[in-house]
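Written out below as structure tokens is the structure these notes cover.
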């Protein structure tokens, strides 16, 4: 269960403050797969970061009563000057996983080859993103928080996509998407961000119907 | 559930504590690995404390050229005062250069602040061995400490005080944008009045009374007792120092919590 308790979130960019959420009270079940719909990418990202615990709300509290992942595709905690191997080991220690097993697995799955011992900062952006996805899915969380970056463009033959499907069967997820076909396949419920409120719908069709007005616009 | 996360998951206290200790261990190991990975870069960063202490010690000979106040070497006298004093500034100087987006949700800023204190204590222990070792080899035999306990206590007390001072500065910087400039003035004043260059017991009684409220002075006297067993220590009040250190740490924790939202922006 992820509880939004009187959450207000205001963000300032370019000396202009706008409200993304105002006084939201909501409980999101953490064992369901949820499609997340909203009018703008940035606003959705902010809500995702709130759920993942990357940012604090301006007022109120987000209580995570489950083992919630950080936003998949986010690897802010990695240090650019340390090698990928050391970074992954540090990550495994932070999340209490078996260090050796995890490093070996990532080495095989990410297909980095000799780049594993090079500084993380030297990786090309695509490889970083790929690594980020695999690292996040390799930890068994109760609830995964996905971002727009979390899914690979084409589904076939991609390791991270296979891992996503695997986790999708067993764990809860929140997935920002506007693709109805995808949502029908991988989601059961929907959350819609609409006029500074979050609304929970118990099936995907209703959520898409509710969000039709800004999907079309 | 095995893995840790920044959650209010309902787990037993034992598991929560183990997770927290695991995270602290991971952060310390990461520090060690940055050392291991780029020792030259880290050593170059330590030029700053090393150079400052060395310059103050050797310039102090000429500015305060009235012979050794206690012991037989003016250099050792100033070094033994300035070393713990600098540890205080060095631990207090913590800038949260990491935005919370550059961390995993499990790593909190407070953890980084605590790791910062531990790392700086370790750095200063190494630095102290180098500094007093070279004074021992080059200048005087007195640089070999007669007892290590008061020195270690003073170092820990200074680090605790520095943590609190750093947290206060961090909080005040959110309110007054010019606060870092004032901190520099306060730091300079503290170096001058904290008994780095003189013995506090020999001050006039009125001044000595007011100056004795500064906890740093007690820590410096305590540190010097490691070198000079008969150092005039009428002013020393270790229980006052302990109270101040604990209160500083508590104030640091509270201020970190209060300013967390503001700093995260």
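See the values below:
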read-out: Single residue of the range A:4-42 satisfying the filter (out of contact with any helix residue (DSSP H, G or I) (no Cβ under 9 Å at 6 or more places or on another chain), within 14 Å of chain B (Cβ to nearest Cβ) and closer than 21 Å to residue A:64 by Cβ) that is surrounded by the most Cβ atoms within 10 Å (Cβ to Cβ); value: A:30
read-out: From A:136, A:132, residue being touching a strand residue (DSSP E or B) at 6+ places or on another chain (Cβ under 6 Å) and closer than 30 Å to residue A:192 by Cβ; value: A:136
read-out: Verdict on residue B:106 being surrounded by 18 or more Cβ atoms within 10 Å (Cβ to Cβ) and within 21 Å of the chain's Cα centre (by Cα); value: no
read-out: Residue in the range B:163-180 that is surrounded by fewer than 16 Cβ atoms within 10 Å (Cβ to Cβ) and over 30 Å from residue B:260 (Cβ atoms) present; value: no
read-out: Meets criteria (within 14 Å of chain B (Cβ to nearest Cβ), modelled with pLDDT of 85 or more and in a helix (DSSP H, G or I)) for residue A:93; value: yes
read-out: Qualifying residue in the range B:129-139 (condition: closer than 15 Å to residue B:84 by Cβ, surrounded by fewer than 19 Cβ atoms within 10 Å (Cβ to Cβ) and away from every other protein chain (no Cβ under 14 Å)); value: yes
read-out: Selection status of residue A:195, free of Cβ contacts under 8 Å to residues at least 24 places away in the same chain and farther than 23 Å from residue B:26 by Cα; value: yes
read-out: Test: residue in the range B:175-187 that is under 15 Å from the mean Cα position of the chain (by Cα) and touching a residue at least 12 places away in the same chain (Cβ under 8 Å); value: yes
read-out: Enumerated helices (runs of 4 or more DSSP H) restricted to the range B:209-265, each holding at least 2 residues that are modelled with pLDDT under 90 and buried (at least 16 other Cβ atoms within 10 Å of the Cβ); value: B:238-258
read-out: Selected residue [touching a helix residue (DSSP H, G or I) at 6+ places or on another chain (Cβ under 6 Å) and over 18 Å from residue B:191 (Cα atoms)] from B:243, B:231; value: B:231
read-out: Selection count where residues are at pLDDT below 85 and under 14 Å from residue B:104 (Cβ atoms), scope the range A:96-136; value: 2
read-out: Residue A:109, sole failed condition from (1) within 12 Å of chain B (Cβ to nearest Cβ); (2) touching a residue at least 12 places away in the same chain (Cβ under 8 Å); value: (1)
read-out: Flag for residue A:122 being more than 10 Å from chain B (Cβ to nearest Cβ), within 25 Å of residue B:35 (Cβ to Cβ) and under 18 Å from the mean Cα position of the chain (by Cα); value: no
read-out: Matching residues in the range A:31-41 - criterion: being assigned to a helix (DSSP H, G or I) and free of Cβ contacts under 8 Å to residues at least 12 places away in the same chain; value: none
read-out: Filter pass, residue A:183 being buried (at least 18 other Cβ atoms within 10 Å of the Cβ), under 15 Å from residue A:36 (Cβ atoms) and more than 18 Å from the chain's Cα centre (by Cα); value: no
read-out: Positions within the range B:188-201 being in a helix (DSSP H, G or I) and in contact (Cβ under 8 Å) with a residue 60 or more places away in the chain, in sequence order; value: B:190, B:191
read-out: Filter result (in contact (Cβ under 8 Å) with a residue 24 or more places away in the chain and in a loop (DSSP other than H, G, I, E, B)) within the range A:167-192; value: A:171, A:177, A:178, A:187, A:188
read-out: Flag for residue A:45 being out of contact with any helix residue (DSSP H, G or I) (no Cβ under 7 Å at 6 or more places or on another chain) and either part of a strand (DSSP E or B) or surrounded by fewer than 17 Cβ atoms within 10 Å (Cβ to Cβ) (or both); value: no
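The values are calculated or read from the model by the stated rules, or taken from the named source; none is laboratory data. From a predicted model like this one, the values you see are computed outputs, not experimental measurements. Heads up, the Cβs are rebuilt from the backbone with ideal geometry, glycines too, and the neighbour counts pull from every protein chain shown.
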